Every structure is written in C-alpha cells, then in structure tokens.
Amino acid sequence: MIGLIVLGAFVSLIIVAYLVVMERDLASSVILFMAFGLGSTILYFVFSAPDVALTEAVIGAGISGVVFLVSLLQTQTKESR
Amino acid sequence: MLDIIGYIFIFLGTLLLIISALGLLRMPDAITRMHAGTKASTLGSILVIIGAMFLEPGLWFKLILLGLFILLTNPLSSSILARSSYLRSSFLNKSGVDEMKDSQ
Amino acid sequence: MSIKKNIELQTIISGLLVSFMTITLLSVLLGLDYTDKNLGSSLIDINEDLTRSANVVTSVVTYFRGLDTLGEVTILFLSIFGIGLGIENSPHMKNILSYDNTLLKLGAKVLFPLIVLFGFYIIIHGHLSPGGGFQGGVIVASGFLLMLLAYGEAFHLNHKIITVFESLSGAGFVLIGILGVILGDIFLSNMLPLGVVGQLFSSGIMPIIYIFVGLKVAAEITVLVEYFLRTEDVG
C-alpha cells in the first residue's frame, strides 16, 4: 500500500515537473510549481520525514508561490519564445 | 460495528472526492469547476473525517478541529477564486444576468 | 491540421527524458534497501540517553549539530538583509493583490490567530512531535502573509517590535551557547536538567533553542514577504 502511494507520488511529481517546464504561461507555471510542492510534501511524509514535510508544505506550496507570483506581476506573465 | 460505520463514511467521502475530481475535468469554465471542486470536496473531506472519528475515537478533538478548519478555509478560498475569476472575466455567462455588477 | 505537425523536436526530446527519468527512479525505488546500519541508526541508539527528546531530528538539529544551526540562522539573516538592501522599500503596496473583499478580510481575521497559535504550538513542541523552530516560524510567517494579502496597506507591521524580536532571539541563541561553555564544558552543551521523555519541560536547552530559532525565522520570513509585497510597480 505504501509502495503504491510512493509510486503514484513519484509519477505525478515527474509529470508535474514536466508540465512546469513546458508551460508557456508563467503564472500557470507557478501554480503548477505549487502543486509540485504539494506532491513532494506527500513524498517526504511517506518516507517518514514529517519535519521536512511540514517545511515543504508551508514553503513550497505557500510562501515561494506568493513570492514568485508577486515577482511575475511586477515583470511580465508571458514567456517570450 | 463502529469500524463498519467508519468505513462506510470513508467510502462515501472518497466517492464524493472522486466525483468532484471528475467534475473538475468535465466542467466547462472556472465557476462551474469551482462548484464541483469546492462543495463536493468539502463534504467529502468532512465525511472522511467523520469516518476516521469512528475508527479512532481517541482522536475526536483533533479531528473536530480539523473539520472546523476545512469548513473555514475551503469555502473562503473558493469564494476568493470565484471573485478573481469574475474580475478577470474568464468564464461563460450564458444567462446574461450579472448580479454582482448590478449591486455595485 | 494534423497532430504530427504540432509536435516539436524539443517536446519529443523532453518526453524521452521524462520517461527515462521515470524508469530510472522506479528501478531505484524498487531496489531500495531500508535496513542499512549507518550514522542515522547509531544516532537513534544514543539519542535517548544523551538528550531525552522524543524527536531525533530535533536533537540532531539543536544538540548534535547545534553550531550548524547557528550558522544556518545567520545565513538566513544575511540573505534577508541582502534582499532588504537590494529591493527598494517603498511605502506603498501594490494594489493588485489586495482586493477590497469583506469576506476575505473577515476570514483572515478569524484564521490569523489560529495559524499563529498553531505555529507556536509547532515551535514549542519541537522536541516531542514533528516540527520545530524552522517549521513553526514559517507557519507563523504564513499567518502574517495572509493578513498582508487580505488587508494590504491597512495592515501595519511594527518593524521596531520585529527587529527587537529578531535581534533578541539571535543574541539569546549565542548566549545559550556561551552559558554552555561556562556551566558545562563546550559551546552549546546541554547544561540544564534533562527531565523525562515526553514531557514539555524536558531535554534541557533544546526547546529554548528552538523557541529562539522559531522567533527569528518568523520575523525574517515576515519581513521578506512584506518587502516583496511593498515594492514599487516596475512596469
């Protein structure tokens, strides 16, 4: 059962990381990056590191997303080709 | 007996969560997606928490706090999402009724 | 238009890369062996005698590697200091993040004490349950972030109080270390009585160090977020 959760988390992390890199709209890319933080939170928790999971839940899914979004709002939201 | 009731609650909750995920995929625009993604997932999470309360009666206080927190945050965040999607006007309005614009 | 025309070479290459990484990770995952005896297990063995804490990670961070934590906190302070120098701190906040939303303001007012309370719970119970100074400090800072997003310019942070908390906690960390030299034998030695495993007042200096670290991290991340939200519109 734990192995299934780990497999699902790994595969979804890789898919989300691919989407983060390939997304053209940078705001959507930041939202996907926050989803990446959520998936890695699950992974840390399953690998019995709840301390790291707490940090990742707040930083990866919260504060870093806000910092990225504010930086984007002050520059531009579309990636130039 | 308590175990069976708990498992039934958890099954109903996960069923609702699956339905809400299906709605997120199938609905056409932001507002209807929020309708599927918020209401069904809030009720689903609450049902899962109630089922966990039947399975582990010693944790009832923490689980009630958890449910209250979900009840506080989930509708609030969906309301803010709906508002920002209205402000960016990124949804279909087929009915032609715009009560928010009329009220301002 | 056919699908074939839309697929670029870059997409194919990155798809191949992703599948390669997936296969590698899966093979690594299936062959993982969790039963090796290394530094970690020996630390777990000696932990209960030396520190009487229920959380081995906390005893590594604040006791076995306490000096490294001091350096880490200093690095965090220096990076926030550099950001504060680099970003011009204008008095006006960007209006785009703070809608005038009554529901959000009410909800933030209800949630803010809960989030800060939870953060301090995590900080204080660092040696008993998962979490500790860094985690709890970041949670407290996220509560302040919620208030800043909801209220915008109307939420005033008192920078004098934040500076006092930040400096006092940094100085307190070093002071605990120097007290360890005086009363014990080395820097950051555990000179307080250890107590019983599982109680709140136990394991000597570790909760005190984590309270200092938590206050410092909370102050620094709050100031960092506020710097980002208060900067002038460039474009």
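Identify, from the list C:Phe165, C:Phe212, C:Phe201, the residue that is more than 14 Å from every other protein chain (Cβ to nearest Cβ), in contact with a Leu (Cβ under 6 Å, 6 or more places away or on another chain) and open to solvent by 30 Å² or more (accessible area, probe 1.4 Å).
On the way: C:Phe212 fails: in contact with a Leu (Cβ under 6 Å, 6 or more places away or on another chain); C:Phe201 fails: in contact with a Leu (Cβ under 6 Å, 6 or more places away or on another chain).
It is C:Phe165.
Listed by position, the helices (runs of 4 or more DSSP H) inside chain A whose residues that are away from chain C (no Cβ under 12 Å) and touching a Ser or Thr at 6+ places or on another chain (Cβ under 7 Å) number at least 1 are A:26-46. Contact map, the range C:57-77: residues that are of a type outside the set (A, V, I, L, M, F, W, C) paired with residues that are outside any helix (DSSP H, G or I), Cβ distance under 7 Å, separation 6+ or inter-chain. Pairs shown: C:Thr58/C:Gly126; C:Thr58/C:His127; C:Thr58/C:Gly132; C:Ser59/C:Thr51; C:Ser59/C:Ser53; C:Tyr63/C:Thr51; C:Tyr63/C:Asn190; C:Gly66/C:Leu188. If you go through the range C:116-138 one residue at a time, do you hit one that is more than 14 Å from chain A (Cβ to nearest Cβ) and modelled with pLDDT under 90? Scanning the range C:116-138 turns up no residue that is more than 14 Å from chain A (Cβ to nearest Cβ) and modelled with pLDDT under 90.
Would you check if there is a residue in the range C:96-115 being within 14 Å of chain A (Cβ to nearest Cβ), of a type in the set (Ser, Thr, Tyr) and more than 19 Å from the chain's Cα centre (by Cα)? There is at least one residue in the range C:96-115 that is within 14 Å of chain A (Cβ to nearest Cβ), of a type in the set (Ser, Thr, Tyr) and more than 19 Å from the chain's Cα centre (by Cα).
Got at least one residue in the range B:78-91 being among the β-branched types (Val, Ile, Thr) and within 14 Å of chain C (Cβ to nearest Cβ)?
Narrowing the range B:78-91 to residues among the β-branched types (Val, Ile, Thr): B:80.
After this cut, where a residue has to be within 14 Å of chain C (Cβ to nearest Cβ) as well, the list is B:80.
Yes, because at least one residue in the range B:78-91 is among the β-branched types (Val, Ile, Thr) and within 14 Å of chain C (Cβ to nearest Cβ).
Quick check on the range C:96-146: of everything there that is out of contact with any Gly (no Cβ under 6 Å at 6 or more places or on another chain) and surrounded by 23 or more Cβ atoms within 10 Å (Cβ to Cβ), which residue is farthest from A:Ile63 (Cα to Cα)? Can you show your working first?
Within the range C:96-146, the subset out of contact with any Gly (no Cβ under 6 Å at 6 or more places or on another chain) is C:96-97, C:99-111, C:113-114, C:117-118, C:120-121, C:124-125, C:127-131, C:134-135, C:138, C:141, C:143-146.
Restricting the remaining residues to those that are surrounded by 23 or more Cβ atoms within 10 Å (Cβ to Cβ) gives C:127, C:131, C:134-135, C:138, C:141, C:144-145.
Values: C:His127: 25, C:Gly131: 17, C:Phe134: 14, C:Gln135: 12, C:Val138: 9, C:Ala141: 9, C:Phe144: 11, C:Leu145: 8 Å.
If we take residues in the range C:96-146 being out of contact with any Gly (no Cβ under 6 Å at 6 or more places or on another chain) and surrounded by 23 or more Cβ atoms within 10 Å (Cβ to Cβ), then C:His127 is farthest from A:Ile63 (Cα to Cα).
Restricting C:Ser203, C:Ser169, C:Ser142, C:Ser189 to those that are more than 17 Å from C:Glu226 (Cα to Cα), assigned to a helix (DSSP H, G or I) and among the hydroxyl-bearing types (Ser, Thr, Tyr) reduces the list to C:Ser169.
The values are calculated or read from the model by the stated rules, or taken from the named source; none is laboratory data. Computed from a prediction, not measured in an experiment: that's the story for all the values here. Please note: Cβ atoms are built from the backbone with ideal geometry, for glycine as well, and neighbour counts cover all protein chains shown. Heavy atoms of the whole protein, side chains included, go into the accessibility calculation; ligands, DNA and RNA do not. Shrake-Rupley method; radii C 1.70, N 1.55, O 1.52, S 1.80 Å.
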